[in-house]
Every structure is written in C-alpha cells, then in structure tokens.
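*Asks:* Can you read through this structure? Questions will come right after.
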Amino acid sequence: SMRLIACVYFVPLAQSLLFATRYYVSPNGSGDGSSWLAANNNLQKILLDAMPGDEIWVAIGIYTPTDSLDRSASFVLQEGILLYGGFVGYESSLDQRDVQVNKSILSGEIGEAGPADNVYTVLFSENLTDATCIDGFILSGGNSDHESLEEGLIETSGAAWYNRYDGENNKGWPIVKHLHFEDNFAYYGAAIYADFKHYSNFSVDFNFCTFFDNEALFYGGAFCIVGDYDDLGYIQFSNCAFIGNTAMYGGGLSIITEVEKPLIRIDNCIFEENFADQNGGAIYCPGRITSNHEIELVENTFDKNFPRDIN
C-alpha cells in the first residue's frame, strides 16, 4: 500500500514534466513552433499560448509586440515560462547558443522609423518568481513618453521592461541573464521600472546584463526600483555594465524606497559615463546610504559618471 501511495503522489509531477513544451520562434517561420523547421514567427502569440514549465527558443532577428500601430502593445512574460534568445535556428541544446553574436531583439520600433510612435513598453510582467527565466535578448526602442508624466504607468515608466508586484504572496524575480538594454526612453526607469509599491520581501538579481544609452527624464536612466515596505528585499547586480545612461536623478540606477536599510549588492559591475542632471551619476539612493551594510560594492569600476558616482 505504501507503494500505491507513492504512485499516486508522483503522477502529477510526472505529468507536468511530461507535458512541458518547447516552442521554436524564428522571423521567417511559418509553422506551428514545434521544431526549428516548423518555427513560428509570432513571438507574441507563442508567449500567450505557452504554459508554466514551457520553454521558448528564439532565433536571431527582430521581434515587435504588434504588427499594428498600437503603442500600448507589449510582449507579456508569464509566470513559469523559460524564454531564451541567441539561437541561429538549428541548435539542440542551450549551450550551443552564442548570445553575443546571435542577436534576438525585442523591439519597440513600430510604425514610422524613429521613436515617436514606438510602443510605450516592450516587455510587461507581473508577479513573476524565479520559476520564470529570460536569457539572451536585446531590448530596445521602448518609448514611455506619454504626456501624463505620472510616475508608475506603463505609458511613462519602464520602456524596455515594466515589472510589477501587486501584493500577491510571490517572492523573487525571474532569473535574468544576458540581457542588453539599449536606446530606450521613459520618464521613469528607461530600461526597467520595477514597481514594488504594494509588495514586500522580494529579491532582484541581474547577471551579465548591459545597459547602454538609455534615457529617463526623471529617475533611473537604466533602472528605477520603487518600493514602500519596511522589509524591502534584496537587490543584486553581478557582472553588469551601465554605460552612457542619463536621467535627472540616478543616471544608471535609481532606488527609491522608504526603507532604512535596503540590501543592495553590486558585484563586478562597470558604471561608465552615466549622467544625472541633479544627483547620482551612477547610482541614486536618496538619503539612505550611510554604511556598507546598506549598499555593498564589490570589485566595481566607476569612471566618468557625472556629477558623482553615488548619491
């Protein structure tokens, strides 16, 4: 009877693993996405079709979240999806990828050439955990320039990626590796806006990511993190580069929170030629950095950030 009980409990797990699907996406594909030869060209559709545990392999090329002129369109990354770029379109394992050479681009460039009519936010997500992964993409051309100027809207914040938590009891952040954010504009968080205003106890962990020439009118040329709770979580950047980003506050990173001691660790990163009109050329963390216990900097390079590296 013990053996019978074991069988009963293991069947659901086996089924969930058994039915995980891998989808293949390529710009010229016309198939159902079941193989490279039958690749699908509609990444937006595949992202909506995929179920938790599924993988999506995306070949070199440019992908936009809509074929229309709808500026409100975004790719939506859902919980439990493993999204990988950097393929040529023949690989059979992840370690065959070369994400530096094979550029899988999530682009906001719709309509006429130039940013004016681009999508507000290229990628949107909410309440994700580390069961989700995004790895091996360039995100560019998001333009969160809506006239309202109100902070925290998709139309004004997080032009490349807007990620929020709405109070659900999820923890974590998707696994993020090998992302390159370039030429995005927003009022707040030009590359990424992370909204934790209704959530606590999260962790943010970025590995091997680059932020290049992103511009925010107000906060966070590359990345703006906003949180209200007392037990705000853990923020880590490892092996990342922030180069040539601009904002009024926090040319590179802007971490805005009422927390006395956010745990921030920045490890082996480069901050170079980031510019703030007011404070924090590289990093802006208003009024909170008083000791190494609050922001831990390990083996980083700060060079030519203006007006100063950290505020």
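*Asks:* Those residues that are modelled with pLDDT under 95 and acidic (Asp, Glu), I need them from the range 113-140; list them, please.
*Replies:* GLU126, ASP130
*Asks:* Yes or no: the range 3-13 includes at least one residue that is charged (D, E, K, R) and either crowded, with 17+ Cβ neighbours inside 10 Å or modelled with pLDDT of 95 or more (or both). Break it down into steps so the answer makes sense when it comes.
*Replies:* At the first step, the residues of the range 3-13 found to be charged (D, E, K, R) are 3.
Keeping just the survivors that are either crowded, with 17+ Cβ neighbours inside 10 Å or modelled with pLDDT of 95 or more (or both) gives none.
Among the residues of the range 3-13, not one is charged (D, E, K, R) and either crowded, with 17+ Cβ neighbours inside 10 Å or modelled with pLDDT of 95 or more (or both), which makes the answer no.
*Asks:* Now, a different point. Kindly indicate whether GLU55 is over 30 Å from GLU155 (Cβ atoms), open to solvent by less than 20 Å² (accessible area, probe 1.4 Å) and acidic (Asp, Glu).
*Replies:* no
*Asks:* Another one. Would you check if GLY61 is under 29 Å from HIS146 (Cβ atoms), surrounded by 16 or more Cβ atoms within 10 Å (Cβ to Cβ) and in contact (Cβ under 8 Å) with a residue 60 or more places away in the chain?
*Replies:* no
*Asks:* Now, a different point. Restricting attention to the range 149-158, does a residue exist that is touching a Cys at 6+ places or on another chain (Cβ under 8 Å) and touching a residue at least 60 places away in the same chain (Cβ under 8 Å)?
*Replies:* Yes, the conditions are met somewhere in the range 149-158.
*Asks:* Output the residues belonging to the range 107-131 that are surrounded by fewer than 20 Cβ atoms within 10 Å (Cβ to Cβ), outside any strand (DSSP E or B) and not small (Gly, Ala, Ser).
*Replies:* Once the filter is applied, which keeps residues that are surrounded by fewer than 20 Cβ atoms within 10 Å (Cβ to Cβ), outside any strand (DSSP E or B) and not small (Gly, Ala, Ser), the range 107-131 yields ILE110, GLU112, PRO115, ASP117, ASN127, THR129, ASP130.
*Asks:* Condition test on LEU149, is it farther than 21 Å from ILE62 by Cβ, outside any helix (DSSP H, G or I) and either among the charged types (D, E, K, R) or open to solvent by 60 Å² or more (accessible area, probe 1.4 Å) (or both)?
*Replies:* Criteria met by LEU149.
*Asks:* Give me a count of the residues in the range 281-310 that are touching a Cys at 6+ places or on another chain (Cβ under 7 Å) and modelled with pLDDT under 90.
*Replies:* Qualifying residue count for the region: 1.
*Asks:* Identify, by number, the condition in (1) touching a Gly at 6+ places or on another chain (Cβ under 6 Å); (2) within 19 Å of GLY141 (Cα to Cα); (3) open to solvent by less than 50 Å² (accessible area, probe 1.4 Å) that ILE46 doesn't meet.
*Replies:* Unmet for ILE46, out of (1) touching a Gly at 6+ places or on another chain (Cβ under 6 Å); (2) within 19 Å of GLY141 (Cα to Cα); (3) open to solvent by less than 50 Å² (accessible area, probe 1.4 Å): (2).
*Asks:* Just need a number here: residues in the range 132-146 that are in contact with a Pro (Cβ under 9 Å, 6 or more places away or on another chain) and surrounded by 24 or more Cβ atoms within 10 Å (Cβ to Cβ).
*Replies:* Summing the residues that are in contact with a Pro (Cβ under 9 Å, 6 or more places away or on another chain) and surrounded by 24 or more Cβ atoms within 10 Å (Cβ to Cβ) in the range 132-146 gives 4.
*Asks:* Every residue in the range 156-182 that is surrounded by fewer than 20 Cβ atoms within 10 Å (Cβ to Cβ), modelled with pLDDT under 95 and of a type in the set (D, E, K, R), please.
*Replies:* ASP166, GLU168, LYS171
*Asks:* Mind listing whichever residues of the range 76-106 are in a strand (DSSP E or B), farther than 16 Å from VAL176 by Cβ and either open to solvent by less than 30 Å² (accessible area, probe 1.4 Å) or acidic (Asp, Glu) (or both)?
*Replies:* Residue satisfying the conditions is PHE87 alone.
*Asks:* In the set ALA160, ALA116, ALA131, which member is under 14 Å from THR64 (Cβ atoms) and of a type in the set (Gly, Ala, Ser)?
*Replies:* Only one candidate passes the filter, namely ALA160.
The values are calculated or read from the model by the stated rules, or taken from the named source; none is laboratory data. Remember, predicted model here, so these are calculated numbers, not experimental data. No Cβ is skipped: glycine too gets one built from the backbone with ideal geometry, and neighbour counts run over all protein chains shown. The protein model used for the area step is the full one, side chains on, heavy atoms only, and it has no ligands, DNA or RNA in it. Shrake-Rupley method; radii C 1.70, N 1.55, O 1.52, S 1.80 Å.
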